[in-house]
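See below for the structure under consideration.
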Amino acid sequence: MNIKYTPVDISARVKDVDDQKDVMKDITVMVDCLDQDSGVSVFYQLYHRFPEENVYTDETPFVEFDDISEENVMSFVQSMIDSNNQMHEWVQTRIQEIIDEPVKKAFTFQRVYPNTVETIVGIGSSSESDTESNSEI
């Protein structure tokens, strides 16, 4: 497998601590994991909690949240992705499961209609026409 890991959503939670404003407490990253050979993609969520007590020094100073650069965040996120062996194993296993799943196939005696689209309706969804017809009842 040739898997490409792309962070698609990054969120951080912050809290004021003593005289420091917006101290980052944790970071969550949603990663799109695409097998470039098969085109199969799965998502994986990474989470990192920072230590409660950070000791800031001249070598590792406190950085205001609004001053954290995209380069620093992306470097940290990439290290999360690179070092998470559990994620890599799960992604490879799940992609292989998807590849190995049976596929739908029509019988030779069935008439196949071109441009037929399967519709998947989520729970609790409705179309505007359903709403309009219900209001007349």
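Out of the residues in the stretch 41-70 that are outside any strand (DSSP E or B) and among the aromatic types (F, W, Y), which is surrounded by the fewest Cβ atoms within 10 Å (Cβ to Cβ)?
The residue in question is Y56.
Taking the stretch 1-40, which residues are small (G, A, S), in contact with a helix residue (DSSP H, G or I) (Cβ under 8 Å, 6 or more places away or on another chain) and either without any contact (Cβ under 8 Å) to a residue 24 or more places away in the chain or not in a loop (DSSP other than H, G, I, E, B) (or both)?
Once the filter is applied, which keeps residues that are small (G, A, S), in contact with a helix residue (DSSP H, G or I) (Cβ under 8 Å, 6 or more places away or on another chain) and either without any contact (Cβ under 8 Å) to a residue 24 or more places away in the chain or not in a loop (DSSP other than H, G, I, E, B) (or both), the stretch 1-40 yields only A12.
What single numbered condition from (1) modelled with pLDDT under 95; (2) among the charged types (D, E, K, R); (3) part of a helix (DSSP H, G or I) fails to hold for E118?
E118 satisfies all of (1) modelled with pLDDT under 95; (2) among the charged types (D, E, K, R); (3) part of a helix (DSSP H, G or I) except (3).
Conditions first: (1) in contact (Cβ under 8 Å) with a residue 12 or more places away in the chain; (2) more than 20 Å from the chain's Cα centre (by Cα). V63 passes all but one, so which condition is the exception?
Answer for V63: the failing condition is (1).
Would you pick out the residues in the stretch 24-46 that are touching an Asp or Glu at 6+ places or on another chain (Cβ under 7 Å), of a type in the set (A, V, I, L, M, F, W, C) and farther than 19 Å from S75 by Cβ?
Scanning the stretch 24-46 gives a single hit, F43.
Does the stretch 41-52 hold any residues that are hydrophobic (A, V, I, L, M, F, W, C) and touching a helix residue (DSSP H, G or I) at 6+ places or on another chain (Cβ under 9 Å), and which are they?
Result: V42, L46.
The values are calculated or read from the model by the stated rules, or taken from the named source; none is laboratory data. Keep in mind that this is a model prediction, so the values were computed, not measured. All Cβ positions, glycine included, derive from the backbone under ideal geometry; neighbour counts span all protein chains shown.
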